[in-house]
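Undergrad: Take this structure first; my questions come after.
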Amino acid sequence: MSIHALGVNHKTAPVEIRERLTFGPDIICEALISLVSRDDVSEAVILSTCNRTEIYCVCNPDDGGLSDWLAGYHGLDLAAIEGSLYRLHDEEAVAQLLRVASGLDSMVLGEPQILGQVKSAFQTAQDTGTVKKLLCRLFQHTFSVAKQIRTDTAIGNSPVSVAFAAVSLARQIFADLSQQTALLIGAGETIELAARHLSQHGIGRILVANRTLERAHNLAMEFNGFAIALTELATHLPEADIIISSTASPLPILGKGAVESALKKRKHRPMFMVDIAVPRDIEAEVAELSDVYLYTVDDLDEVIQENLRSRQEAAEQAQEIVELQTKEFSGWLRSLHAVDVILDYRTAAERMRDEVLKRSQRMIENGKSPDEVLKFLAHTLTNKLLHAPSSNLRQACFEGQSEVLEAANALFQVKQPPKAP
């Protein structure tokens, strides 16, 4: 069995494909169970965010038909997504997970939210019962490495995130945020960060809309804002100059008709919208409306690039840590291949020991002296343990397999150092 990773991300697939491959909280447990029910898959974790969907699993040496499963689960033709998929095995898969958790593979280099998302994905798989020894060890190693990178490098020092980029773009459109009202849809970590950045830049008013009104209220209170339910969006939409949305809804929350109606009530004052969600919260057709500036996560890339320069050197240091820790974990993974051989050899040795011990005990019962019995036991056990290795070494040398002799010297460390003159 090998460790495999299969996925799409913001580098390989546009949002139109990524949103069709997401696993929302309502289906991810069912998906995990479906995945490990396959004969060729024994462990699985699914990481699904706005920028990526990745499957990490333990399966047969090939990819276990993971791409067919992924396409089939979402009711897609594999040909439609084949060009966006990447497949990684063993050491490459380990390196990918370390890079992802450390923020090195994010749209926003070094962003901290991804580590929490990786931890959440692992916890979900644990709760669902789809992780065992290998993935448990891999993810615990990953969390340790991500913490080391945060501690030992400056990769997280600059305030760069998708939320930061959204607010930066809003400041380019509205010079004075103190005169603007922001409507934040959702109440997760990204929306909380957006609220924090807006507050720091003096936003005039914050509205928070969420399916659970209590969560919206808790977030709004922190920033002196006002909470509304999602059912009240149409009523309050005309008040919003800035809309930032990030929910887990499988269907759009804002349609073209609702925005068009809001624009009329606003007398066509501009509306700035950022849809961070995947699948998208705002219908793509909204971008066709005059006086609406609609951006998706993919559109934020240019803004983000301007804020990355200070993280490049830290990213290089982080990559060195990832490479070193990938080799460390891969070494442990390779060592598992010796476990069965070691167990078999130990079992055979213990069987020989028990056999010789019984013969020795019978010799004592028959009146043999302890000294004679001890010599018999030591001699016979030594011969039994060395017979097969000795015979096979002689045969290997006869056949010219010098590498077997070298391996034996390395394994048993019996080669004597040359004597000093």
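The values are calculated or read from the model by the stated rules, or taken from the named source; none is laboratory data. From a predicted model like this one, the values you see are computed outputs, not experimental measurements. Note that we place each Cβ from the backbone using ideal geometry, even for glycine, and neighbour counts take in every protein chain shown.
Undergrad: Suppose we keep only residues that are among the small types (Gly, Ala, Ser) and surrounded by 21 or more Cβ atoms within 10 Å (Cβ to Cβ) within segment 157-169. Which one would you say is modelled with the lowest pLDDT? Let's see the steps before the verdict.
TA: Quick first cut of segment 157-169, residues among the small types (Gly, Ala, Ser) only: 158, 161, 163, 165-166, 168.
Still in the running and surrounded by 21 or more Cβ atoms within 10 Å (Cβ to Cβ): 161, 163, 165-166.
Working: Ser161: 74, Ala163: 86, Ala165: 85, Ala166: 88.
So, considering only residues that are among the small types (Gly, Ala, Ser) and surrounded by 21 or more Cβ atoms within 10 Å (Cβ to Cβ), the one modelled with the lowest pLDDT is Ser161.
Undergrad: Next question, about the same structure. If I filter segment 47-56 for residues that are over 18 Å from the mean Cα position of the chain (by Cα) and on the phi < 0 side of the Ramachandran plot, do I get at least one hit? Lay out the reasoning, then the answer.
TA: Within segment 47-56, the first condition is being over 18 Å from the mean Cα position of the chain (by Cα), and the residues that meet it are none.
There is no residue in segment 47-56 that is over 18 Å from the mean Cα position of the chain (by Cα) and on the phi < 0 side of the Ramachandran plot.
Undergrad: Please note which helices (runs of 4 or more DSSP H) are completely contained in segment 56-104 and include at least 1 residues that are β-branched (Val, Ile, Thr).
TA: Working: elements: 66-73, 78-81, 91-101.
The qualifying helices (runs of 4 or more DSSP H) are 78-81, 91-101.
Undergrad: Can we say Ala314 is in contact (Cβ under 8 Å) with a residue 24 or more places away in the chain, out of contact with any strand residue (DSSP E or B) (no Cβ under 8 Å at 6 or more places or on another chain), assigned to a helix (DSSP H, G or I) and more than 28 Å from Ala182 (Cβ to Cβ)?
TA: Answer is yes for this residue.
Undergrad: What pairs come up if the first residue lies in segment 349-364 and is closer than 13 Å to Thr380 by Cβ, the second is of a type in the set (Lys, Arg) and surrounded by 11 or more Cβ atoms within 10 Å (Cβ to Cβ), and their beta carbons are under 6 Å apart, counting only those six or more places apart or on different chains?
TA: The qualifying pairs are Met352/Lys384.
Undergrad: Also, I was wondering about something else. Out of (1) in contact with a Gly (Cβ under 9 Å, 6 or more places away or on another chain); (2) more than 16 Å from Met271 (Cβ to Cβ); (3) among the small types (Gly, Ala, Ser), what's the single condition that is false for Gly225?
TA: Only one criterion in (1) in contact with a Gly (Cβ under 9 Å, 6 or more places away or on another chain); (2) more than 16 Å from Met271 (Cβ to Cβ); (3) among the small types (Gly, Ala, Ser) is unmet by Gly225, namely (1).
Undergrad: Out of segment 107-145, which residues are at pLDDT 95 or above and of a type in the set (Gly, Ala, Ser)?
TA: Hits for segment 107-145 are Ser120, Ala121, Ala125, Gly129, Ser144.
Undergrad: Still on this structure: For the list (1) over 16 Å from the mean Cα position of the chain (by Cα); (2) outside the structural domain of Ser249 (by TED's automatic domain parsing); (3) at pLDDT 95 or above, I need the number of the one condition that Gln180 fails.
TA: Failing condition for Gln180: (2).
Per-residue answers, yes or no, for (1) at pLDDT below 95; (2) of a type in the set (Ser, Thr, Tyr); (3) over 29 Å from the mean Cα position of the chain (by Cα); (4) over 21 Å from Ala175 (Cα atoms):
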{"position": "Val208", "(1), (2), (3), (4)": "no, no, yes, yes"}
{"position": "Arg215", "(1), (2), (3), (4)": "yes, no, no, yes"}
{"position": "Phe226", "(1), (2), (3), (4)": "no, no, yes, yes"}
{"position": "Glu239", "(1), (2), (3), (4)": "no, no, yes, no"}
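Undergrad: Taking the criterion of being among the small types (Gly, Ala, Ser) and over 17 Å from Gly186 (Cβ atoms), would at least one residue in segment 285-296 satisfy it?
TA: Taking segment 285-296 first, the residues among the small types (Gly, Ala, Ser) are 287, 290.
Then drop every residue that is not over 17 Å from Gly186 (Cβ atoms), which leaves 287, 290.
Within segment 285-296 (the criterion being among the small types (Gly, Ala, Ser) and over 17 Å from Gly186 (Cβ atoms)), the answer is yes, since at least one residue qualifies.
Undergrad: Considering only residues that are touching a strand residue (DSSP E or B) at 6+ places or on another chain (Cβ under 7 Å) and part of a helix (DSSP H, G or I), look in segment 118-137 and name the one that is surrounded by the fewest Cβ atoms within 10 Å (Cβ to Cβ). Full working, then the answer.
TA: The first filter runs over segment 118-137 and keeps only residues touching a strand residue (DSSP E or B) at 6+ places or on another chain (Cβ under 7 Å), leaving 118, 121-122, 125, 130-132, 134-135.
Now narrow it down to the ones that are part of a helix (DSSP H, G or I): 118, 121-122, 125, 134-135.
On the way: Val118: 23, Ala121: 21, Phe122: 22, Ala125: 26, Leu134: 19, Leu135: 23.
For segment 118-137, the residue satisfying everything is Leu134.
Undergrad: Evaluate the following for Arg150: is it in contact with a Pro (Cβ under 9 Å, 6 or more places away or on another chain), surrounded by fewer than 20 Cβ atoms within 10 Å (Cβ to Cβ) and either at positive phi or in a helix (DSSP H, G or I) (or both)? Give the steps one after another, and end with the answer.
TA: Working: in contact with a Pro (Cβ under 9 Å, 6 or more places away or on another chain): yes; surrounded by fewer than 20 Cβ atoms within 10 Å (Cβ to Cβ): yes; either at positive phi or in a helix (DSSP H, G or I) (or both): yes.
Considered against the rule, which asks whether it is in contact with a Pro (Cβ under 9 Å, 6 or more places away or on another chain), surrounded by fewer than 20 Cβ atoms within 10 Å (Cβ to Cβ) and either at positive phi or in a helix (DSSP H, G or I) (or both), Arg150 comes out as yes.
Undergrad: Another one. Restricting attention to segment 391-408, and to residues there that are of a type in the set (S, T, N, Q) and exposed (fewer than 12 other Cβ atoms within 10 Å of the Cβ), which single residue is modelled with the lowest pLDDT? Even if it seems obvious, please write down each step before you answer.
TA: At the first step, the residues of segment 391-408 found to be of a type in the set (S, T, N, Q) are 391-392, 395, 401-402.
If we keep only those that are exposed (fewer than 12 other Cβ atoms within 10 Å of the Cβ) as well, we get 391, 395, 402.
Working: Ser391: 83, Gln395: 84, Ser402: 79.
Here the residue is Ser402.
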